[in-house]
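Here is the structure we will look at.
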Amino acid sequence: MKAMNSLQEVADYLVDQDDFIVVGHENPDPDCLGSMLGLYFGLTQLGKGCRVVSGDPVPQDLSWPGLDVIEHIPTGFSAGTSCVIVVDCEPERTGSISEGVKSAQKLVNIDHHQRGRGSGDIVYVNPAEAATVIIIYRLLRLLEVAFDDSIATALYGGILGDTGGFRHANTNSEVLFIAGELLKFDINPSALAREIFSSQPLEFLKLLGAALSDLQTAQGGQLVWMEVSYEQFQAFGADPKMSDHLVSFARMLDTAEIAIVFRETSPGEIRIGLRANHLDVGSLARHIGGGGHKLASGATIKGELHEVSARVVQIAEHFLLTGELNEWHR
Ligand SMILES: [Mn+2]
């Protein structure tokens, strides 16, 4: 297991390099996008060459400055001699560009997800931070980057995303202090919040209605789950890739301790999103081959939707009652 670098070591390493490619995870979320763009604007300001690459397309409903610089390269990505910086995930989770990322000659990894080990020449993973953009904020300060409206928008958007609009358990005084610093710039917090949380396509809302009407519960509603089949996505014309947040609707149930959403995002591939109020669903996700945070985690399992759902619900129910994880066979 590689020892982790300090943030100052990350800064020193970046100063020594001239040419970067910043990448993030598949289906980039606001924290991922904000981290990529914050680094892009910061490194460019320092006179460095910097590209931003994503294997998946960038969400269309965001209007942040700089999103247009993100190159969508679904296949055949190669880093060449550039230093690749992976943000908000480990190199394995960069989706269709992961082979090119992992074979980069110089690899830096900056993340806040809990996991076994880092990979890269320089690794900074800090699960205590609410969002990767918080780490990027500190890094840009170390690099003495002059903050501007574009950087502030990207970083603030990332904070909003990963704290659920300052509602999740990771909302702390540091987060609010940094958000306050970013609000000194000319950014539009209400427009950003609306873009991230309240701009759903009609197709998605109708799918949500169907999914909510089939919501299932156990243990007096402490466990709540939702299933969405590939046929439902098709029938409503909703994009499975834009449905990660379905789980946030399931967890709205007043009695919920654990909320789970099973989404068949492509035939036979079940994406599982887990949320908890107190229990460690990160350990549950790792148990079934996934990962994530203590209160927000996920996994992807191949199989039949109802069969996968029944098995995971059984494990979650036992976990809820005993704190123990039943044996799991993939
Ligand atoms: Mn994040």
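The residues listed here are Asp56, Asp61, Asp19; of these, the one that is assigned by TED's automatic domain parsing to the domain that holds Ala191, in contact (Cβ under 8 Å) with a residue 60 or more places away in the chain and within 16 Å of the ligand (Cβ to nearest atom) is Asp56.
Every listed requirement among (1) surrounded by fewer than 23 Cβ atoms within 10 Å (Cβ to Cβ); (2) among the acidic types (Asp, Glu); (3) within 15 Å of the ligand (Cβ to nearest atom) is met by Asp88 save one, (1). Within region 139-182, if we keep just the residues that are within 12 Å of the ligand (Cβ to nearest atom) and either outside any helix (DSSP H, G or I) or touching an Asp or Glu at 6+ places or on another chain (Cβ under 7 Å) (or both), the residue that is farthest from Asp18 (Cα to Cα) turns out to be His168. Look through region 113-138, keep the residues that are within 17 Å of the chain's Cα centre (by Cα) and aliphatic (A, V, I, L, M), and return whichever of them is nearest to the ligand (Cβ to nearest atom). Per the stated criteria, the residue is Ala131. Taking the numbered list (1) more than 16 Å from the ligand (Cβ to nearest atom); (2) crowded, with 17+ Cβ neighbours inside 10 Å in turn, Ile110 passes all entries but (1). Taking the criterion of being surrounded by fewer than 18 Cβ atoms within 10 Å (Cβ to Cβ), in contact (Cβ under 8 Å) with a residue 40 or more places away in the chain and either of a type outside the set (A, V, I, L, M) or in a strand (DSSP E or B) (or both), the residues of region 190-215 that qualify are Ser199, Pro201.
Quick check: anything in region 298-308 closer than 24 Å to Lys206 by Cα and assigned to a helix (DSSP H, G or I)? Yes; the residues of region 298-308 include at least one that is closer than 24 Å to Lys206 by Cα and assigned to a helix (DSSP H, G or I). Taking residues in region 78-95 that are at negative phi, and partners anywhere that are of a type in the set (Phe, Trp, Tyr), the pairs with Cβ atoms closer than 7 Å and at least 6 places apart or on different chains are Ser82/Phe20; Cys83/Phe20; Ile85/Phe20.
The values are calculated or read from the model by the stated rules, or taken from the named source; none is laboratory data. Only a predicted model underlies this, so the values are computations on that prediction, with no experimental measurement involved. Every residue, glycine as well, gets a Cβ built from its backbone with ideal geometry; the counts of neighbours run over all protein chains shown.
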